[in-house]
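Just so you know, all these numbers are worked out from the coordinates, no wet-lab data involved. Just so it is clear, the structure is predicted and the values come from calculations on it, not from any experiment. Cβ placement follows ideal geometry from the backbone for every residue including glycine, while neighbour counts extend to all protein chains displayed.
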Amino acid sequence: GAVVSQHPSRVICKSGTSVKIECRSLDFQATTMFWYRQFPKQSLMLMATSNEGSKATYEQGVEKDKFLINHASLTLSTLTVTSAHPEDSSFYICSATGFDGYTFGSGTRLTVV
Amino acid sequence: GENVEQHPSTLSVQEGDSAVIKCTYSDSASNYFPWYKQELGKRPQLIIDIRSNVGEKKDQRIAVTLNKTAKHFSLHITETQPEDSAVYFCAASRRDSSYKLIFGSGTRLLVRP
């Protein structure tokens with residue numbers, strides 16, 4: 001079946017630094033990638049939608065200059081959290097379409113200290 | 001914008017009893033309604049889905065019903081087992097357009113042995 005590989009699974013970074021999260025579709029072309037954020041005991045909140053080769057569309061309230069999304073190829077999308085702060089600590093997860101339904105990455109637990 | 005409401009937020013049942021989780025959606029163009037089970041720190045796992053051209057779908061102990069007129073869909077789990085304990089999310093999308101998947105707020109199900 002379709003697989004999306006997400007890395008890293010866990011990352012701890014210092015406040016003010018940037019962190020890049022990578023999602024790669026292994027056996028299909030991901031025409032669209034969705035990025036979600038999930039705080040403890042809450043739902044998956046959509047942050048942005050990206051299509052290969054075009055700028056991402058951000059949901060209301062999500063800072064596009066803080067959460068940089070790149071979808072330069074049909075198999076790779078990245079989310080960079082710039083100048084991370086403790087309130088950015090969360091579970092980030094990507095989801096790709098392009099094969100059959102929505103295929104989720106395994107998630108990244110980001111902790112900003 | 002699009003919104004999916006989910007109830008109840010927590011549900012505790014005795015092993016062997018049935019569990020029902022209900023969702024309503026706001027986007028009348030939604031045509032795809034998946035249900036996910038998520039364990040702590042893991043990716044959502046698709047357990048069943050339904051498209052708008054059918055009213056009911058069943059897979060062993062799990063069933064989903066859809067009322068398009070009321071914009072309402074439900075998850076039914078029969079003969080619950082302790083391993084069914086998890087957080088369940090409903091979601092809605094206009095899937096044919098690789099449209100974004102919007103999640104409900106989640107239901108924490110506890111099955112008491």
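Some observations on this one:
- Computed on chain A, with alpha-carbon pairs under 8 angstrom and 6+ residues apart, the relative contact order is 38 percent.
- Of A:LEU26, A:HIS7, A:PRO40, farthest towards positive along the dipole that unit charges on Lys, Arg, Asp, Glu beta carbons give the stretch A:5-77: A:PRO40
- Farthest toward the positive end of the dipole of the stretch B:39-96, out of B:PHE73, B:CYS90, B:SER52, is the Cα of B:SER52, where the dipole comes from beta carbon charges about the Cα centre.
- Using distinct alpha-carbon pairs, which all enter the 1/r mean, Kirkwood radius of the protein assembly as shown in Å: 18.1
- Approximate shape of the stretch B:15-64 as ellipsoid semi-axes (Cα gyration tensor, √5λ), whole Å, largest first: 21, 16, 11
- Shape call, chain B: gyration tensor on alpha carbons, a/c limit 1.5: prolate
- Each part gets one Cα centre, and for the stretch A:7-31 versus the stretch B:72-113 those centres are 26 Å apart.
- The protein assembly as shown - charge dipole about Cα centre, Lys and Arg +1 at Cβ, Asp and Glu -1, debye rounded to 20: 260
- DSSP bridge pairs, the protein assembly as shown: antiparallel proportion in percent, nearest 5: 90
- Rounded to the nearest 0.05, the FRET efficiency derived from the C-beta distance between B:GLU79 and B:VAL54 at R0 = 25 Å is 0.60.
- Ordered by the number of other Cβ atoms lying within 10 Å of each residue's own Cβ, fewest first, B:HIS7, A:HIS71, B:HIS76 fall into the sequence B:HIS7, B:HIS76, A:HIS71.
- Share of alpha-carbon pairs per 5 Å distance bin for the stretch A:44-113, given as whole %: 3, 15, 25, 28, 19, 7, 2, 0
- Hits among lysines - C-alpha to C-alpha of B:LYS100 under 27 Å, sequence gap 8 or more where chains match: A:LYS20, A:LYS41, A:LYS55, A:LYS64, A:LYS66, B:LYS22, B:LYS37, B:LYS42, B:LYS57, B:LYS58, B:LYS68, B:LYS71
- The Cα center of the stretch B:7-46 and the Cα center of the stretch A:33-71 differ in position by 23 Å.
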